[in-house]
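Below is one structure, written out as structure tokens; comments come after it.
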Amino acid sequence: MINNKILEELNLLGFGDDINALETYVGAMQDAAADGEPIVTDAMYDQHVRLLRVLRPDSELLIETGKRIQKKKSKTMISF
């Protein structure tokens, strides 16, 4: 549920009420980290992703990220 506290957090992070900008920034953070050049701390990244999950749970970016994580996990599992 989107409430005033969530919108205030979005504003404090510098996005005003622009959820698209938040989503774009999360993608940029992911790209930078994948290139070995993270632009924020893990905690800051987690805060942005948490906020995006609340504001746009159907975000294609989050869905694709989840798929990549699951694929990576399945490759690292060892079967006996």
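The values are calculated or read from the model by the stated rules, or taken from the named source; none is laboratory data. All values derive from a computational prediction rather than experimental measurement. Using ideal geometry, Cβ is built from the backbone for each residue, glycine included, and neighbour counts are taken over all protein chains shown.
Here are a few things to note about the model shown:
Every residue, every condition in (1) of a type in the set (Val, Ile, Thr); (2) modelled with pLDDT under 95; (3) surrounded by 10 or more Cβ atoms within 10 Å (Cβ to Cβ); (4) under 14 Å from the mean Cα position of the chain (by Cα), yes or no:
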{"position": "1", "(1), (2), (3), (4)": "no, yes, no, no"}
{"position": "6", "(1), (2), (3), (4)": "yes, yes, yes, no"}
{"position": "25", "(1), (2), (3), (4)": "no, no, yes, yes"}
{"position": "28", "(1), (2), (3), (4)": "no, no, yes, yes"}
{"position": "37", "(1), (2), (3), (4)": "no, no, no, no"}
{"position": "43", "(1), (2), (3), (4)": "no, no, no, yes"}
{"position": "51", "(1), (2), (3), (4)": "no, no, yes, yes"}
{"position": "62", "(1), (2), (3), (4)": "no, yes, yes, yes"}
{"position": "73", "(1), (2), (3), (4)": "no, yes, no, no"}
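- Close pairs (6 angstrom Cβ cut-off, 6 or more residues apart or separate chains): more than 12 Å from residue 55 (Cα to Cα) in the stretch 5-20, of a type outside the set (Gly, Ala, Ser) anywhere: 15/22
- Any hit, the stretch 8-22, residues being within 11 Å of the chain's Cα centre (by Cα) and surrounded by 10 or more Cβ atoms within 10 Å (Cβ to Cβ): yes
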